[in-house]
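To start, the structure itself, in structure tokens.
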Amino acid sequence: MSLSPLDSPLWSGLYGDPELSAMLGDAALLAAMVRVEVALAEACAAEKIVPEAAAREIAERFGDYRPDPAVLAEGAARDGVPVPALLSEMKAQLSEEARDALHWGATSQDIVDSATALVVGEALDRISVRLRDLIAVTGKLAEREAETVMAGRTRSQIGLPVTFGALVANWGQPLIDAQSRLATARAACCRVALHGAVGTDAALGEKAAPVRERMGAALGLRVEEQPAHTRRDSWAEIGGQGALLAASLGRIGADVIWLAQSGIKEVAIAGGGSSTMPHKSNPVAAEALVALARHSAQLQAGLLGAVVHGQFRDGAAWGLEWMSLRPILVACGAALRLSGEMLGGLQADAAQMRANLEAEGFGPYAERAIFTLAQAIPRSEAKAAVQAAMATPDPLAALCASYPELDAGRLTDPLAAAAQAPAQARAFARRCKDFCGGDA
């Protein structure tokens with residue numbers, strides 16, 4: 001039974017991500033812990049701390065070992081961490097010499113944190129690939145719709161003409177920014193944890209540093225001298241970047257909901273049906289993006305709370321971190337999947353966009369009229385003239401009667417009024433191509 005839509009059999013097809021759930025799930029985390037224990041044993045053998053034969057036995061026996069989470073559940077509940085139970089399972093399969101060599105100089109948190117770095121790093125690499133693919137989709141869409149005129153709305157009201165391509169560019173730029181931020185955060189958190197019970201290298205002493213270096217090389221993790229038992233900021237940063245990416249995708253979902261709603265209908269997306277109203281096509285994916293963004297923000301609050309990590313280990317804060325970090329990344333993965341599917345099939349209705357803009361009358365061109373007149377008369381006078389014209393039944397006619405030099409057609413050309421919007425859309429499309437190596 002599952003209580004979270006992120007991994008439940010009922011809801012995971014919408015809110016979950018089976019691929020990332022498998023990468024970040026209990027089985028994957030335990031398998032990563034075994035990898036860390038093997039790397040530790042081999043590093044200790046290379047530094048002449050434990051016998052080479054013992055390390056070889058550990059590596060051969062557990063090279064592809066995947067512990068069953070259910071078998072370790074009782075021990076994890078008893079100890080508050082699965083490592084003691086895992087070690088008992090492993091030691092039962094080893095000779096006495098290898099048992100003595102296992103887990104040399106480490107504490108449970110060293111193993112859990114190093115293993116978490118492994119699975120989180122793998123998940124972030126997958127997220128990065130999906131993000132790159134989504135950036136390519138937004139680049140193509142922005143280029144295709146660079147001159148598709150629409151109303152630019154502020155505070156739910158029509159403001160000025162823009163283009164749909166410029167709106168897509170506005171959606172997509174945070175995704176490019178997110179890619180670099182995630183890479184930086186990944187480098188910070190994907191590190192070897194091996195400093196012993198209270199972070200002093202008490203068991204390994206002078207051998208601790210070379211053992212860490214060997215482990216880092218074997219596991220593909222960064223090595224640093226300072227212990228990180230209670231420095232949880234890097235994990236909060238990973239969660240924060242994941243939640244921020246989910247928020248950027250949720251913003252796209254919110255815009256699509258708005259543009260697809262009855263009375264606007266400027267975009268068409270595949271939707272879900274209603275149980276009683278056959279005429280409806282609900283924006284299910286877009287709504288899910290908003291929900292995932294808000295849920296990720298709530299989970300991130302837990303990660304920030306876990307940064308308050310007391311003394312040299314804090315089981316309460318550590319547990320809160322477990323409840324928050326991996327779910328954020330799964331939610332982020334689900335949001336990327338949904339965004340790709342939604343934007344890949346999104347269709348802009350250029351005629352409806354144009355009709356909605358024209359229905360607003362002269363208003364969207366009033367600012368343009370002010371600044372056009374301001375080239376010949378003081379801006380204050382230009383503003384007063386336009387405001388006076390707006391009070392008449394036909395503002396454009398009234399304005400042109402007072403100022404014959406105005407070109408009515410040019411003044412109310414929506415593409416011209418959209419100013420740099422087409423150029424912005426195309427510039428973004430070029431950035432996407434550069435970012436994706438010409439594949440966008």
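The values are calculated or read from the model by the stated rules, or taken from the named source; none is laboratory data. All figures in this text were calculated on a predicted structure; none of them were measured in a lab. When we count neighbours, we look across all protein chains shown, and the Cβ atoms used for this are built from the backbone with ideal geometry, even at glycine. Note: areas computed on protein heavy atoms with side chains; ligands, DNA, RNA excluded. Shrake-Rupley method; radii C 1.70, N 1.55, O 1.52, S 1.80 Å.
Could you check how many residues of the range 311-322 are in contact with a helix residue (DSSP H, G or I) (Cβ under 6 Å, 6 or more places away or on another chain) and without any contact (Cβ under 8 Å) to a residue 60 or more places away in the chain? Count: 1. Screening residue 154 with (1) at negative phi; (2) touching a residue at least 12 places away in the same chain (Cβ under 8 Å); (3) open to solvent by 10 Å² or more (accessible area, probe 1.4 Å); (4) not small (Gly, Ala, Ser) gives one miss only, at (2). Checking the structure you have, find out if any residue of the range 144-163 is touching a Lys or Arg at 6+ places or on another chain (Cβ under 9 Å), assigned to a helix (DSSP H, G or I) and under 30 Å from residue 416 (Cα atoms). No, there is no match, as no residue in the range 144-163 is touching a Lys or Arg at 6+ places or on another chain (Cβ under 9 Å), assigned to a helix (DSSP H, G or I) and under 30 Å from residue 416 (Cα atoms). Exactly one residue out of 199, 172, 205 is open to solvent by less than 60 Å² (accessible area, probe 1.4 Å) and out of contact with any Phe, Trp or Tyr (no Cβ under 9 Å at 6 or more places or on another chain): that is 205. Within the range 263-314, restricting attention to residues that are assigned to a loop (DSSP other than H, G, I, E, B), open to solvent by less than 60 Å² (accessible area, probe 1.4 Å) and farther than 30 Å from residue 162 by Cβ, the residue that is modelled with the lowest pLDDT is 274. Selection of the range 1-52 for residues being open to solvent by 60 Å² or more (accessible area, probe 1.4 Å), touching a residue at least 40 places away in the same chain (Cβ under 8 Å) and in a helix (DSSP H, G or I) yields 19, 26, 35, 42. Apart from one condition, residue 391 fits all of (1) among the hydrophobic types (A, V, I, L, M, F, W, C); (2) open to solvent by less than 60 Å² (accessible area, probe 1.4 Å); (3) without any contact (Cβ under 8 Å) to a residue 40 or more places away in the chain; the exception is (2). Does the range 211-253 hold any residues that are part of a helix (DSSP H, G or I) and either touching a Pro at 6+ places or on another chain (Cβ under 7 Å) or more than 23 Å from residue 122 (Cβ to Cβ) (or both), and which are they? Matches in the range 211-253: 211, 247, 248, 250, 251, 252, 253.
Rundown of residues vs (1) among the aliphatic types (A, V, I, L, M); (2) within 42 Å of the chain's Cα centre (by Cα); (3) under 24 Å from residue 145 (Cα atoms), yes/no style:
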{"position": "332", "(1), (2), (3)": "no, yes, no"}
{"position": "351", "(1), (2), (3)": "yes, yes, yes"}
{"position": "371", "(1), (2), (3)": "no, yes, no"}
{"position": "380", "(1), (2), (3)": "no, no, no"}
{"position": "387", "(1), (2), (3)": "no, no, no"}
{"position": "390", "(1), (2), (3)": "yes, no, no"}
{"position": "393", "(1), (2), (3)": "no, no, no"}
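Within the range 322-350, if we keep just the residues that are open to solvent by 30 Å² or more (accessible area, probe 1.4 Å) and either in contact with a Leu (Cβ under 7 Å, 6 or more places away or on another chain) or part of a helix (DSSP H, G or I) (or both), the residue that is farthest from residue 296 (Cα to Cα) turns out to be 350.
Scanning the range 187-210 for residues that are free of Cβ contacts under 8 Å to residues at least 12 places away in the same chain, hydrophobic (A, V, I, L, M, F, W, C), farther than 20 Å from residue 344 by Cβ and part of a loop (DSSP other than H, G, I, E, B) turns up at least one hit.
Kindly provide the set of residues from the range 101-117 that are open to solvent by 20 Å² or more (accessible area, probe 1.4 Å), closer than 11 Å to residue 58 by Cβ and of a type outside the set (Phe, Trp, Tyr), ordered by number. Selection gives 103 alone. Among the residues of the range 63-76, the ones that are at pLDDT 95 or above and surrounded by fewer than 11 Cβ atoms within 10 Å (Cβ to Cβ) come to 2 in all. Residues in the range 402-430 that are aromatic (Phe, Trp, Tyr) and assigned to a loop (DSSP other than H, G, I, E, B): 1 in all. Of the residues 214, 186, 181, 232, which is out of contact with any Phe, Trp or Tyr (no Cβ under 7 Å at 6 or more places or on another chain), open to solvent by 50 Å² or more (accessible area, probe 1.4 Å) and over 21 Å from residue 39 (Cβ atoms)? None of the others qualify; the one that does is 181.
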